[in-house]
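> So that we are looking at the same thing, I have put the structure below in structure tokens.
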Amino acid sequence: MKNPIIAPSLLAADFGNLQRDCEMVNASAADWFHIDIMDGVFVPNISFGMPVLKAIQKHAKKPLDVHLMIVDPDRYTETFASLGAEILTVHYEACTHLHRSLQNIRANGMKTGVALNPHTPVGVLEDLLPEIDLVCLMSVNPGFGGQSFIERTYSKVKQLKQMIVEQKTQTKIEIDGGVTSANAAQLVAAGADALVAGSFVFGSDDPKATIEALKKI
């Protein structure tokens, strides 16, 4: 079992000390910065927009894993590419023409990501897996940090992993929501490649040590 990719979610960072928290992630064992963009329409919350992402980009020395929880994400693909997103994840539930959205992301030089809400079965991606670099399985309902992990996620990971193996794609599986040291090992054993952790990291006494512990799962 190889070590998972760790992507601390900056939604849980201290916005008054964003540079400090970015530098902590840079100096830690983390692999990516996970950045949630919320519009208050697709999800019942508003996070940060382009100016804050630009500020993060200035300090981040690791890839930006940008997760769009917004309606009509196609309108902003070029903008997020210009702001340094390496992976751009859109929600299956927000895209009328998902294949076109993925082509657009790739045409703008980014890796393609698709997020699925907890109620969405992984089978909806069967025909598109070769076009997807990353599937982000939401293990809580999107919109707020600090929610409890949904146990059904384990079986969804196994199902998705089986699809990936059968189709021989390089698609990575990312888990977003309620990830802690209590469930990380089981998620990786089920087939997860990347773990997003927000409040578990930034709410801990020693975020850097917490990241390192998750990395060694």
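The values are calculated or read from the model by the stated rules, or taken from the named source; none is laboratory data. Because the structure is predicted, anything quoted here is derived from the model rather than measured. Every residue, glycine among them, receives a Cβ derived from its backbone with ideal geometry; neighbour counts consider all protein chains shown.
> Quick one: is PHE42 without any contact (Cβ under 8 Å) to a residue 40 or more places away in the chain and not in a helix (DSSP H, G or I)?
no
> Output the number of residues of the range 133-171 satisfying the condition of being over 17 Å from VAL196 (Cβ atoms) and crowded, with 19+ Cβ neighbours inside 10 Å.
The total comes to 1.
> Of the residues LYS161, LYS172, LYS215, LYS156, which is farther than 27 Å from GLN19 by Cβ, in contact with a strand residue (DSSP E or B) (Cβ under 9 Å, 6 or more places away or on another chain), in contact (Cβ under 8 Å) with a residue 60 or more places away in the chain and charged (D, E, K, R)?
Working: LYS161 fails: in contact (Cβ under 8 Å) with a residue 60 or more places away in the chain; LYS215 fails: farther than 27 Å from GLN19 by Cβ; LYS156 fails: in contact (Cβ under 8 Å) with a residue 60 or more places away in the chain.
Going through LYS161, LYS172, LYS215, LYS156 in turn, the sole match is LYS172.
> A follow-up question, please. Just wondering, is there one or more residues in the range 5-12 that are among the polar types (S, T, N, Q), in contact (Cβ under 8 Å) with a residue 24 or more places away in the chain and part of a helix (DSSP H, G or I)?
Scanning the range 5-12 turns up no residue that is among the polar types (S, T, N, Q), in contact (Cβ under 8 Å) with a residue 24 or more places away in the chain and part of a helix (DSSP H, G or I).
> Could you please find all residues in the range 25-43 being surrounded by fewer than 19 Cβ atoms within 10 Å (Cβ to Cβ) and either over 18 Å from the mean Cα position of the chain (by Cα) or among the hydroxyl-bearing types (Ser, Thr, Tyr) (or both)?
ALA27, GLY40, VAL41
> Might you check whether a residue that is under 26 Å from PHE42 (Cβ atoms), modelled with pLDDT of 95 or more and in a loop (DSSP other than H, G, I, E, B) occurs anywhere in the range 154-165?
No, because not a single residue in the range 154-165 is under 26 Å from PHE42 (Cβ atoms), modelled with pLDDT of 95 or more and in a loop (DSSP other than H, G, I, E, B).
> Let me ask another. Of all residues in the range 67-113 being part of a loop (DSSP other than H, G, I, E, B) and in contact with an Asp or Glu (Cβ under 8 Å, 6 or more places away or on another chain), which is farthest from MET38 (Cα to Cα)?
Initial filter on the range 67-113 (part of a loop (DSSP other than H, G, I, E, B)): 70-72, 83-84, 95-97, 108-110.
Now restrict to residues that are in contact with an Asp or Glu (Cβ under 8 Å, 6 or more places away or on another chain): 70-71, 95, 108, 110.
Numbers: ILE70: 6, VAL71: 9, CYS95: 15, ASN108: 21, MET110: 20 Å.
Checking each candidate, the answer is ASN108.
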